[in-house]
Structure formats: C-alpha cells, structure tokens
Amino acid sequence: MKSFRPDNSDPIPLRRPSQNIGTILIRFVGLLLAAVVALALIWSR
C-alpha cells in the first residue's frame, strides 16, 4: 500500500464557525423579547 502525501506540508485549515457568538446572542435576545411581548399580550386579555 502506497502512502499518499500532499505536496505542501501546511496543516489542514480548520473551518471557522459559520456564525459569530455575537450574532447568535443577538438572535437569542431578540427571540426572547418577542416571546415575552407575545406572552404579555396574551396575558393582558
């Protein structure tokens, strides 16, 4: 069995996370606020 080696010895680049932590946090806070507003509207009836 012949071993296969790439031409360059650079390490395999790791794929960066597609979303930043800040973006996820902003989405979470936005959804949380929307849920609180919806529950408040339902409860006030």
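The values are calculated or read from the model by the stated rules, or taken from the named source; none is laboratory data. Just so we're clear, the structure is a prediction, and the values are computed from it rather than from any experiment. Virtual Cβ from ideal backbone geometry, glycine too; neighbours counted across all protein chains shown. With ligands, DNA and RNA removed, areas are computed over all heavy atoms of the protein, side chains included. Shrake-Rupley method; radii C 1.70, N 1.55, O 1.52, S 1.80 Å.
To keep it simple, each residue is scored yes or no on (1) among the polar types (S, T, N, Q); (2) surrounded by 10 or more Cβ atoms within 10 Å (Cβ to Cβ); (3) modelled with pLDDT of 95 or more.
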position	(1), (2), (3)
Lys2	no, no, no
Ser9	yes, no, no
Pro13	no, no, no
Arg16	no, no, no
Leu31	no, yes, yes
Arg45	no, no, no
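For Leu41, are the conditions met, namely being open to solvent by 100 Å² or more (accessible area, probe 1.4 Å), out of contact with any helix residue (DSSP H, G or I) (no Cβ under 6 Å at 6 or more places or on another chain), modelled with pLDDT under 95 and not in a loop (DSSP other than H, G, I, E, B)? Taking the combined requirement at face value, the residue does not satisfy it.
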